[in-house]
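The values are calculated or read from the model by the stated rules, or taken from the named source; none is laboratory data. Note that the structure is predicted; figures quoted are calculated from it, not measured. Cβ placement follows ideal geometry from the backbone for every residue including glycine, while neighbour counts extend to all protein chains displayed. Ligands, DNA and RNA are stripped out before the accessible areas are found, and what is left, the full protein with its side chains, is counted by its heavy atoms. Shrake-Rupley method; radii C 1.70, N 1.55, O 1.52, S 1.80 Å.
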Amino acid sequence: MTPTAASGHDEDRGGSTLLRTGPLEIRALSVGPMDNNAYLLTCRSTGAQLLIDAAAEPERLQALIAEGSPAGRLDLIVTTHRHHDHVGALAALVEASGARTAAGAEDAAALPVPTDRPLAHGEVIELGDQRLEVIALRGHTPGSIALLWHDDAQGPEAGHHLFTGDSLFPGGVGNTDRDPQRFAQLLGDVEERVFDRLPDATAVHPGHGAGTTLDAERPALPGWRERGW
């Protein structure tokens, strides 16, 4: 099937959104005053779990983790970047779960807990029998990263899911404070490392708000470059 971008936004602050994608389950939950999307990835064959952005509300995130694993298994927490609204529950979840932590190497020192695995562009994270590629998207912060998962059973043109943190949203790239150098770096990374190599059907799961797909955003790239943000 063609992947659908998931969003954890919930007007009633209730449960998560579940997107079933073959060997990997993806759950999304909106947490905190800035409606951050936290994503739980569950390897269906092994039970291994990974959380992307322990942003806020640790009790709700623990309930999310239990949806994928009644025993509360959590193997790894990946932080997409160092901004405070993406790490508010990180310390509490590490203490509660014993999970290891990972983040872009350039942002790791700014996180509230030690980073067990500093990540670089092109690295692969193994989650049970699934693999996620680390894509550095520099500019929003120096160490911002995205994670890419591909369902191999769906072939080369389908089944791609990209978790972009605050580097790519519907309608544009992440905030670079109108700094021309940071904007050029971020847009350059997004074009070269995402749009130039991934198929249009790729689902984009951002750090806030609703998801999108690359084909929905691709026509707007020249306009983003022209406006400068």
Q: Mind checking the per residue accessible area of the chain for me, 1.4 Å probe, whole number of Å²?
A: 41
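Taking the Cβ of residue 195 as the centre, find all other residues whose Cβ is under 11 Å away and add up their charges (Lys, Arg: +1; Asp, Glu: -1). Mind showing how you got there, number by number?
Working: positive: 193, 197, 218; negative: 189, 191, 192, 196, 200, 215, 217.
Local net charge: -4.
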Q) Using a ≥ b ≥ c from the Cα gyration tensor of the stretch 111-193 (square roots of the eigenvalues), is it rounded, prolate or oblate, where a/c under 1.5 gives rounded and otherwise the larger of a/b and b/c decides, a/b for prolate? A) oblate
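Given the peptides 166-176, 180-190, arrange them by the average over their residues of other C-beta atoms within 10 Å, most packed first.
Working: 166-176: 21.2, 180-190: 18.3.
Packing order, densest peptide first, comes out as 166-176, 180-190.
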(Q) Show me, for the stretch 189-196, the HN-Hα J-couplings you get by feeding each phi into the Karplus relation (A = 6.51, B = -1.76, C = 1.60, θ = phi - 60°), rounded to Hz, glycine and proline as x. (A) 5, 4, 5, 6, 8, 10, 5, 6
Q) About the Cα centre of the chain, what is the dipole size in debye to 20, counting +1 per Lys and Arg Cβ and -1 per Asp and Glu Cβ, all else neutral? A) 140
Q: Using θ = phi - 60° and the Karplus relation 6.51 cos²θ - 1.76 cosθ + 1.60, list the HN-Hα couplings for the stretch 203-218 in order, rounded to whole Hz, with x at every Gly or Pro.
A: 7, 10, 10, x, x, 9, x, 6, x, 8, 10, 5, 5, 6, 9, 4
Q) Counting Lys and Arg as +1 and Asp and Glu as -1, what is the net charge of the other residues whose Cβ lies under 14 Å from the Cβ of residue 229? A) 0
(Q) Please list, in order along the stretch 94-103, the HN-Hα scalar couplings obtained from phi with the Karplus expression 6.51 cos²θ - 1.76 cosθ + 1.60 (θ = phi - 60°), rounded to whole Hz, x for Gly and Pro. (A) 4, 5, 6, 9, x, 5, 6, 10, 8, 6
Q) How much of the accessible area of the stretch 109-223, in percent, comes from carbon and sulfur atoms when a 1.4 Å probe is used? A) 50
Q) Separation of the stretch 122-184 and the stretch 23-73 by C-alpha centroid, Å? A) 18
